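Here's the structure we're looking at; comments come further down.
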């Protein structure tokens, strides 16, 4: 399964961050662009459900951009 930035934007758009997700660049810092901690929690829970993976709590701090999430998810999918 390919993980695209557009897919991640759609998942993020399903949080209270909403349609602002579509304006993000892959390398934008999510926090600096206004994604708060509740949105991030919702985002990675939705990622877990969508991709059927587990996002480890200790890994979340290092996931700053959509590009980081894309790489992380791809690696998780390739582990299985």
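Just a few scattered comments:
- Residue 58 being free of Cβ contacts under 8 Å to residues at least 12 places away in the same chain and not in a loop (DSSP other than H, G, I, E, B): yes
- Residue satisfying condition, being over 16 Å from residue 4 (Cβ atoms), modelled with pLDDT under 95 and surrounded by 11 or more Cβ atoms within 10 Å (Cβ to Cβ), within set 30, 41: 41
- Comparison of 11, 53 shows that the only residue that is in a helix (DSSP H, G or I), at pLDDT 95 or above and in contact with a helix residue (DSSP H, G or I) (Cβ under 8 Å, 6 or more places away or on another chain) is 11.
- The set of residues in the stretch 23-48 being outside any loop (DSSP other than H, G, I, E, B) and more than 12 Å from the chain's Cα centre (by Cα) consists of 23, 37, 38.
- Filtered residues of the stretch 63-80 (kept if over 15 Å from residue 6 (Cα atoms) and either modelled with pLDDT under 95 or not in a loop (DSSP other than H, G, I, E, B) (or both)): 72, 75, 76, 77, 78, 79, 80
- Residue 74 being in contact with a helix residue (DSSP H, G or I) (Cβ under 7 Å, 6 or more places away or on another chain) and either surrounded by 17 or more Cβ atoms within 10 Å (Cβ to Cβ) or in contact (Cβ under 8 Å) with a residue 12 or more places away in the chain (or both): no
The values are calculated or read from the model by the stated rules, or taken from the named source; none is laboratory data. The shown structure was predicted, so the numbers you read here are calculated from the model rather than taken from an experiment. So basically every Cβ, Gly included, is an ideal-geometry build from the backbone, and we count neighbours across all protein chains shown.
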